[in-house]
Amino acid sequence: MALEITTSAPDAALLDLPWHIPLAEWPDDLLAALPRGISRHVVRFVRLSGRVVAVKEIKADIARREYQLLRNLRRLELPCVEPYAVVAGRESATGEPLDACLITVHLPFSLPYRALFSQSLRKGTAIRLIDALAVLLVRLHLDGFWWGDVSLSNTLFRRDAGAFAAYLVDAETGELHAGLSRGQREHDLDIARVNIAGELMDLEAGGLLQEERDPIEVSERIVERYHALWEALTGPERVAAGERWRVDERIRRLNRLGFDVDELTMTTDIDGTTVTIAPKVVDSGHHSRRLLRLTGLDVRENQARRLLNDLDSYRAATDRGADDEELVAHDWVEQIYAPFVRSIPAPLRAKLEPAQLFHELLEHRWYLAERAQHDIPIGEAWADYLAKILPTKPDERAVVGTDTVEMPVLALPDA
Amino acid sequence: MATVKFDNSTRIYPGNDTPSVDKLNIDIADGEFLVLVGPSGSGKSTALRMLAGLEEVNGGKIWIGDRDVTDLSPKDRDVAMVFQNYALYPHMTVADNMGFALKIAGVDKGEIRKRVEDAAKILDLTAYLQRKPKALSGGQRQRVAMGRAIVRSPQVFLMDEPLSNLDAKLRVQTRTQIASLQRRLGVTTVYVTHDQVEAMTMGDRIALLNFGVLQQIATPREMYDRPANLFVAGFIGSPAMNLVAVPVTASGVKFGNHVLEIPRSELAGAGSQVIVGVRPEDVEVTSNNDGLEIIVDVVEELGADAYVYGTPSDPSITLEGAGDDALGKPFIARVDGRRVPAKGEKIYVYPNPDHIHVFNKETGERLG
Ligand SMILES: Nc1ncnc2c1ncn2[C@@H]1O[C@H](COP(=O)(O)OP(=O)(O)OP(=O)(O)O)[C@@H](O)[C@H]1O
Ligand SMILES: Nc1ncnc2c1ncn2[C@@H]1O[C@H](COP(=O)(O)OP(=O)(O)O)[C@@H](O)[C@H]1O
Ligand SMILES: [Mg+2]
Ligand SMILES: [Mg+2]
C-alpha cells in the first residue's frame, strides 16, 4: 500500500521519515527530547526542516478527524496547536499495517504542566494554570467547541507575563457546533474537574506538588472561574433607563478581562424604565490586538498589557500626552523595545521569548528599585538581570529532561 | 434496582428548528444492557446526556426507577457517566487510580477502600492494587479504567463510545470484558456507539436512532431477522443487506426473472413496486438463467466461503442503501468457498424464500 499524506504545506522532508517503523522504535537521532503530558498514544517530537513537530500514532479515521477539527479551530482563531499533516497507509518492512500518524507543529516555548511542576515553582502555579485553562475553555465554548477530554495533559501552557496562556493540544474527542447547550458546557466542566483532580493527585503522589491546598479544592476552581468568566462575558444585565453610562462601563469591564465586544443586544422593557444589555460574543485578546495595531508586535494578552503599560509610562515620562498614540508607540518601539530585543545575547534567546523577557526585566527593575528605594534606569536593571538572573533560567524554547509518561493503549497479552 | 424510561423525551437545541431527539420512547429493564446505536449526529449522545441530567428536556419525561428525574440535577440521579477517555496516573497506585473519583465525590476513606477491594476482586486485580499502572499489561490497564467506573456503584451506567480510541484488538477484548462485567454486576447500562457490530455483540437490546427518531428497538437477533424498515435493514449487518426495487406481480414479486411468491395480503396497498431485501448469506446463486443477472466484479475469499461483489447487468436496476452508500453499491452474495465464480462471469441470484424481507417503496416500512 502507498503512503497517503494529507497536508496543506507539503514538505519533501516528510517523505524521508521512517514511516515503515513503529513510532516507538524511531531512532534517537531523529527525535527531540522534549517533555510531554500523559498520553495513551505514542507521541514523539521530531526535527523536520528546521523545526520541531509532534508525531502521534493513532488510527487513521481519528487522525483525520482530529486534523480537520484542529484546522477548524485555527480558522476560528482559537488557541490550539497547528495541525501539519496526516500520514496514513503505513506498512512495516514485512508488510504489516501500522497505525496512521497525526503531525502537529510543536508549539514553541510551550510547557506541559508536568514540566512546569518539575521546575522549582512559585507558589500558586497550579492555580494560575487552572485560571488559564478556564479562559481557554470559555473561549472554546463561546465558539461552540465541546472538548470532551478537558485536562491539564491536553493543554499546553506558555508564560504570559505573570500568568499563563493555555492552548488546546488534544482534540480527539471534540465536536464543533454552532453553539453549545448549557448541558454540553457542564459536561465538559465535570470532565475537567475530575481530570484535573486526578492529575494533581498524581503530582502529589509523585512528590511534585508544592501546593499548600489540596488537589480537590484546587480542581474545583475550574468550575468557579469558568462560571464567573462566562457570566461576566455573556450574562444579561438590567440597567435603569437613566443609567446608560453603565453600558460603557460593562464594555470597559470586558476589555479589562481581555475581551472585545462585538455588539450589545439592548432590550427595553415595556414601560421603558429599564434596559437589559447582553454582550454578543466577544473575542479575547483585547490588549494583544491593541498592541498589534499600535506597534506591529504580536504577543500574548498579559504580555501586551505589560508592554502597553510601559508604553503609557514612556508617554508620561516624555511628556507626550497630547501626541498621537501611534506616533508615541512608534518611538517607544524604536527607542526602548527594539534596542532591548537586539541586546539579548544570542545564546540566551532560547531561554525566554523577548516579550516575556521584557516583562521579567520590568519585574526585576521594580524589585531593584524597591530594594534601593529609588528609581533604577532600565539599562542598569537589564545589565543586572543579564548577569545574575537570566543564566539561571532553564531553556524554555524546548525544555529538556523532565519526566514524561506514556500509558500506551496497546493490546499487550494479558499477564 | 433501576429501570429507565424515556417517555416522549424531546430535545431541541437552541437555534435549531428540528429536534435532535424526537419523542423518544424507550423502556429499559432493571439490569438490562441497552445499546443506543445510529450514525453520527443521530442524537445518541444527546439522549444519553438527557438521561444524565446534563441536557435540558424540552418535552416528555425521563424516569429512573419510579422517580421522575426530568428536573433533577445530575448528582441527584445516581447515574455514572463513563468518560470516553480514561487516563491512568503513573505515580498513583492501582487502588488510588480506581478510587480517586470517589474521593472527589466526598466518600469516606473506609468506604472507598471497601469498594475498591470489591471492584478489584471482580476485575481480578487484587494482587495489583498496590502497584503502579506501568507494571500492568494493556488489558489490565483497561480493567483499572473500568474499575474507576464500577467503584461508583451507581443505579445506571452511561457509556458514550468508550472504546472508540482503542486499537482494533484491544477493542474486541474490551468489548467482551465490558459486556460480561455488566452481566455480573447486573447494573442497568445504556451504551452509545455508532458501530453496529459493537451494538450487535454487546447489547441485550438495541435501540437504533436516525435523525433523532427511534427506528426500532429489539434484540440483536430480532433486529437482524426482522428489520422494521429500510433504514434498519441497511444499517444492521455487515456486509449490508442487498436491497433491490422489484415489480409486484399477481402472485408476488419478480426478482429478475425469478418469481417470489408472497401472499397478496402482505403486499396490499404497496403500489406497483416494492423493495426486496436479502442478506448476502441468504442469496441463492445459479448459473442457469433463473433470477437477477449479475456480473461479478470482485471475489473476496475467506476460506470456507467467499463474498462475491457484482453489478446487475440491467443498468436500470440499482441497489438501495442507507444514506450515501447507495451510489454504486454492489450486490453481495456469500458463496461456497470451493465453488467461486470468476471475475467478469455472469451469475443469477435470487433470495432464499425463507429469509426474504419486503419493504414498502414509498414509506420504507416492512411489509408482512
Ligand atoms: N504540537 C505539540 N506541541 C507541543 N506538545 C505537544 C504537541 N502535540 C502533542 N504534544 C504533547 O504530547 C502529549 C500527548 O499528546 P496528545 O494529548 O495528543 O496524546 P493522546 O495520546 O491523544 O492523549 P490522551 O491520552 O489524552 O488521548 C501532550 O500532552 C503534549 O504534552
Ligand atoms: N449545541 C448544539 N447546537 C445545535 N445542534 C446540536 C448541538 N449539539 C448537537 N447538535 C445536533 O444534534 C444532533 C444530535 O447530536 P448528537 O447527540 O451528538 O449525535 P450522536 O451522538 O448520535 O453523534 C446532531 O444533528 C447535532 O449536530
Ligand atoms: Mg491527550
Ligand atoms: Mg456522540
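The values are calculated or read from the model by the stated rules, or taken from the named source; none is laboratory data. From a predicted model like this one, the values you see are computed outputs, not experimental measurements. Glycine gets a Cβ as well: all are built from the backbone with ideal geometry, and neighbour counts include every protein chain shown. To get the accessible areas, we keep the full protein, side chains included, count just its heavy atoms, and leave off ligands, DNA and RNA. Shrake-Rupley method; radii C 1.70, N 1.55, O 1.52, S 1.80 Å.
Scoring A:THR125 on the criteria (1) within 16 Å of ligand 2 (Cβ to nearest atom); (2) surrounded by fewer than 21 Cβ atoms within 10 Å (Cβ to Cβ); (3) more than 9 Å from every other protein chain (Cβ to nearest Cβ) leaves a single failure, condition (1).
Per the conditions (1) in contact with a helix residue (DSSP H, G or I) (Cβ under 6 Å, 6 or more places away or on another chain); (2) within 16 Å of ligand 2 (Cβ to nearest atom), the sole criterion not satisfied by A:ASP188 is (1). When each of B:GLY252, B:GLY212 is tested for being touching an Asp or Glu at 6+ places or on another chain (Cβ under 8 Å), free of Cβ contacts under 8 Å to residues at least 24 places away in the same chain and open to solvent by less than 10 Å² (accessible area, probe 1.4 Å), the lone residue that passes is B:GLY252.
Among the criteria (1) farther than 11 Å from A:ILE103 by Cβ; (2) out of contact with any Gly (no Cβ under 6 Å at 6 or more places or on another chain), the one A:LEU69 does not fulfil is (2).
Residue-wise test of (1) facing chain B (nearest Cβ under 9 Å); (2) more than 19 Å from A:ARG74 (Cβ to Cβ); (3) buried (at least 19 other Cβ atoms within 10 Å of the Cβ); (4) free of Cβ contacts under 8 Å to residues at least 60 places away in the same chain.
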position	(1), (2), (3), (4)
A:VAL169	no, no, yes, no
A:GLY198	yes, yes, yes, yes
A:GLU217	no, yes, no, yes
A:TRP230	no, yes, no, no
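Of A:ASP202, A:ASP188, all but one fail to be modelled with pLDDT of 95 or more and either open to solvent by less than 40 Å² (accessible area, probe 1.4 Å) or not aliphatic (A, V, I, L, M) (or both); the exception is A:ASP188. Between B:LEU185, B:LEU136, B:LEU129, the distinction of being touching a residue at least 24 places away in the same chain (Cβ under 8 Å) and facing another protein chain (nearest Cβ under 10 Å) belongs to B:LEU136 only.
Of all residues in the stretch B:288-328, those satisfying the criterion of being surrounded by 11 or more Cβ atoms within 10 Å (Cβ to Cβ), part of a strand (DSSP E or B), at pLDDT 90 or above and of a type outside the set (A, V, I, L, M) are B:GLU293, B:ASP297, B:GLU300, B:ASP305, B:TYR307, B:TYR309, B:GLY310, B:THR311, B:PRO312. Quick one: is B:ASP118 acidic (Asp, Glu) and within 16 Å of ligand 1 (Cβ to nearest atom)? It is false that B:ASP118 is acidic (Asp, Glu) and within 16 Å of ligand 1 (Cβ to nearest atom). Of the set (1) within 12 Å of B:VAL190 (Cα to Cα); (2) touching a strand residue (DSSP E or B) at 6+ places or on another chain (Cβ under 6 Å); (3) within 14 Å of ligand 2 (Cβ to nearest atom), all apply to B:ASP22 but (1). Only one of the listed residues (A:LEU30, A:LEU48, A:LEU34, A:LEU69) is within 16 Å of ligand 4 (Cβ to nearest atom) and surrounded by 15 or more Cβ atoms within 10 Å (Cβ to Cβ). That residue is A:LEU69.
Can you find a residue in the stretch A:102-114 that is more than 25 Å from A:GLY183 (Cα to Cα) and assigned to a helix (DSSP H, G or I)? Taking every residue of the stretch A:102-114 in turn, at least one turns out to be more than 25 Å from A:GLY183 (Cα to Cα) and assigned to a helix (DSSP H, G or I). The set of residues from the stretch B:211-252 being part of a loop (DSSP other than H, G, I, E, B) and within 27 Å of B:ASP314 (Cβ to Cβ) comprises B:PRO227, B:GLY237, B:SER238, B:PRO239, B:ALA240, B:MET241, B:THR249, B:ALA250, B:SER251. Residues in the stretch A:141-167 that are within 13 Å of ligand 2 (Cβ to nearest atom) and in contact (Cβ under 8 Å) with a residue 60 or more places away in the chain were compared, and the one that is surrounded by the most Cβ atoms within 10 Å (Cβ to Cβ) is A:PHE145.
Somewhere in the stretch A:69-87, is a residue over 18 Å from A:VAL52 (Cβ atoms), part of a loop (DSSP other than H, G, I, E, B) and within 13 Å of another protein chain (Cβ to nearest Cβ)? No, that holds for no residue.
The set of residues in the stretch B:83-126 being of a type in the set (Gly, Ala, Ser), more than 8 Å from chain A (Cβ to nearest Cβ) and closer than 30 Å to B:MET50 by Cβ consists of B:GLY99, B:ALA105, B:GLY106, B:ALA119.
Condition (residue is within 16 Å of ligand 3 (Cβ to nearest atom), within 14 Å of chain B (Cβ to nearest Cβ) and in contact with a strand residue (DSSP E or B) (Cβ under 7 Å, 6 or more places away or on another chain)) applied to the stretch A:42-55: is it met by at least one residue? Checked against the condition, which is being within 16 Å of ligand 3 (Cβ to nearest atom), within 14 Å of chain B (Cβ to nearest Cβ) and in contact with a strand residue (DSSP E or B) (Cβ under 7 Å, 6 or more places away or on another chain), the stretch A:42-55 yields at least one hit.
So, B:ALA80, is that one under 15 Å from B:LYS134 (Cα atoms), within 12 Å of chain A (Cβ to nearest Cβ) and either within 16 Å of ligand 2 (Cβ to nearest atom) or among the small types (Gly, Ala, Ser) (or both) or not? When the stated conditions are applied, B:ALA80 does not pass them. Note on the stretch B:183-200: residues that are crowded, with 20+ Cβ neighbours inside 10 Å, more than 24 Å from B:GLN140 (Cβ to Cβ) and within 16 Å of ligand 2 (Cβ to nearest atom) total 4. Are any residues in the stretch B:154-182 in contact (Cβ under 8 Å) with a residue 60 or more places away in the chain and either open to solvent by 10 Å² or more (accessible area, probe 1.4 Å) or more than 13 Å from chain A (Cβ to nearest Cβ) (or both), and if so, which ones? Across the stretch B:154-182, the qualifying residues are B:PRO154, B:GLN155, B:VAL156, B:PHE157, B:MET159, B:ASP160, B:GLU161, B:PRO162, B:SER164, B:ASN165, B:ALA179, B:GLN182. Scanning the stretch A:171-185 for residues that are at the interface with chain B (Cβ under 8 Å from one of its Cβ atoms), touching an Asp or Glu at 6+ places or on another chain (Cβ under 6 Å) and either touching a residue at least 60 places away in the same chain (Cβ under 8 Å) or open to solvent by 60 Å² or more (accessible area, probe 1.4 Å) (or both) turns up just one, A:GLU172. Checking each residue in the stretch B:329-348 for being open to solvent by 30 Å² or more (accessible area, probe 1.4 Å), closer than 18 Å to B:GLY256 by Cα and within 32 Å of the chain's Cα centre (by Cα) picks out B:LYS329, B:PRO330.
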